[in-house]
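Please read the structure below before turning to the comments.
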Amino acid sequence: MIKKFIKKSNNPLDGIQLTEFNRKQVLEWLSGNGKEGPDGSIYLKTPESGEGTQIVHTGKFILKGYTEQLGWHFWPVDESYMNENYMEV
């Protein structure tokens, strides 16, 4: 299930935690911005990171945000960082 998260005073962001049971849902949500890796991870297209692609393993979150410069984009976040910096709304 896609949920909303907020960081301090920012606007809510869509986000989802990758589990071993929701890969298909995550890939559909990414709308072509990711593909499944051979080990069940997701290869996430993140050109704004300067790396081009980042690997998202089970337990990590993927957030979706919008900026004028990048448009809609996705980025991975570790579970510990999510717990410290975001809250579900």
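The values are calculated or read from the model by the stated rules, or taken from the named source; none is laboratory data. It should be emphasised that the depicted structure is a prediction, and the values quoted were computed from it without experimental measurement. Virtual Cβ from ideal backbone geometry, glycine too; neighbours counted across all protein chains shown. Quick note on the areas: whole protein, heavy atoms, side chains included, nothing else; ligands and nucleic acids left out. Shrake-Rupley method; radii C 1.70, N 1.55, O 1.52, S 1.80 Å.
Applying the criterion of being under 18 Å from residue 78 (Cβ atoms) and buried (at least 16 other Cβ atoms within 10 Å of the Cβ) to the residues of the stretch 31-42, the residue that is modelled with the lowest pLDDT is 34.
The strands (runs of 3 or more DSSP E) located wholly in the stretch 50-89 include none with 2 or more residues which are among the aromatic types (Phe, Trp, Tyr), open to solvent by 80 Å² or more (accessible area, probe 1.4 Å) and at pLDDT 95 or above. Those strands (runs of 3 or more DSSP E) of the stretch 1-42 in which at least 1 residues are farther than 21 Å from residue 55 by Cβ, considering only elements entirely within it, cover 3-6.
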